[in-house]
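The numbers here are math on the coordinates, done by the rules we state, and not lab data. Keep in mind that what you see is a predicted model, and the values were worked out from it rather than measured. Cβ sites come from the backbone with ideal geometry, for glycine too, and all protein chains shown count toward neighbours.
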């Protein structure tokens, strides 16, 4: 198994390379009757896209979605839905000098060891370009979850290097290119990224994502836990090196009397569990965070070897992000949406006859 797919009842398979002719995906298991049109994909694809501002890679892709199958008269048919996006702004010549070198911090060496061959152009299959199709597929999942359950998924950039929001306002997140919840800090972020670009270096980031309206009961108790599937989905995103659910690693320093989410008739007193207990949703907001490493494609020389084992100094040319986390928020939202839709279908298949079980505890106590 080459593991280009994930999911149980809703499965996503992606294909294509960064500098190949196209990237695409097949989304199977969709219920029939979901209204979808090519223009529905544009908002989230533009949110994820490079080249929107000077703070990300200056690759400018059209990202026009072609629906190849699974839709008739504007509605899903229940058969496999295939989407295609043609690459329109690849510059493979930027990678000619390092075609036989292994970039430090990249998948070049591991792909070579596994397959004995690799596509060096823009990282090939390991490029963040692949996540475009995850975002496209999740447009449908978000729509279905919203219409059927009222689930809303949203995320934001929670940290760049040492910088953290000093204030929080959801309304600010979509009003700046960083998905940052503190509008007053945007000039500070711009100065940070401008300085990194000038120096040739990069920085890591943290992205937080949440889903409200998730019904209690989604998830499985052992091997298909909602939190474990969500963690695996977020960890599968390029450059992600850590995932937290709810309080995450902060629970290490908490006492049990503080960490446990007390339950009262008017709602849970807190949500350190991130909306999941025993692998099953509590009905609270599902919360997760992911840590994204600094971009490894740098113009600063770095020691490595080539395919012959000779020592080299690698310098990566081309268009790269000083902080790849800047455009990762839509990708985190996409993976949460796809996991939640898969679990919604699984829950419906096994437990639809259970119905409403009382008591239903409100997601949060009134403040």
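Relative to the longest principal axis of the Cα atoms of the chain, helix 329-351 runs at roughly 40 degrees.
Give me 14, 88 sorted ascending by neighbouring Cβ count inside 10 Å, so fewest comes first. All intermediate terms of the calculation are to be shown ahead of the outcome.
Details: 14 21, 88 13.
The most exposed by this proxy come first: 88, 14.
Among 249, 6, which comes first, second and so on when ranked by fewest other beta-carbon atoms within 10 Å?
Working: 249 10, 6 19.
Listed from fewest to most nearby Cβ atoms, that is 249, 6.
The modelled label-to-label distance for the pair residue 252/residue 232, using points 7 Å beyond Cα in the direction of Cβ, is 2.5 nm. Of 93, 293, 142, the residue with the greatest mean-square motion in the GNM of the chain, using alpha carbon springs below 10 Å, is 93. In the stretch 16-47, which residues have a backbone nitrogen under 11 Å from the label point lying 7 Å from residue 86's Cα in the Cα-to-Cβ direction? Correct set: 21-22.
For the stretch 79-222, rounded, prolate or oblate, judged on the Cα gyration tensor with a ≥ b ≥ c (square roots of eigenvalues), a/c < 1.5 rounded, else prolate if a/b > b/c?
Details: a/c = 2.10, a/b = 1.21, b/c = 1.73.
Taking the square roots of the gyration eigenvalues as a ≥ b ≥ c, the stretch 79-222 is oblate.
For the stretch 1-38 versus the stretch 258-288, the inter-centroid distance based on Cα atoms is 32 Å. Distance distribution note for the stretch 91-354: the fraction of Cα pairs above 27 angstrom is 46%. Here the Gaussian network model covers the chain, with springs between Cα atoms less than 10 Å apart; of 12, 234, 262, 262 fluctuates the most.
Find, to one decimal place in angstroms, the Kirkwood hydrodynamic radius of the stretch 221-367, where the mean of 1/r is taken over every pair of different Cα atoms and then inverted.
Details: mean 1/r = 0.0541 Å⁻¹.
After inverting the pairwise mean of 1/r, the radius is 18.5 Å.
Could you state, as a whole-number percent, how many of the C-alpha pairs of the stretch 214-307 are farther apart than 15 Å?
Details: 2972 of 4371 pairs.
So the portion of pairs separated by more than 15 Å is 68 percent.
For n ≥ 4 DSSP H runs only, could you compute -39500 (n - 2.57) per run for the chain, divide by its residues and tell me the 222 nm figure to the nearest 500?
Numbers: 8 runs with 89 residues, N = 367.
It comes out at -7500 deg cm²/dmol, rounded to the nearest 500.
Over the residues of the stretch 277-336, compute the C-alpha Rg and express it relative to 2.2 N^0.38 Å.
Values: Rg = 18.9 Å, N = 60, 2.2 N^0.38 = 10.4 Å.
For the stretch 277-336, the normalised Cα radius of gyration comes out at 1.81.
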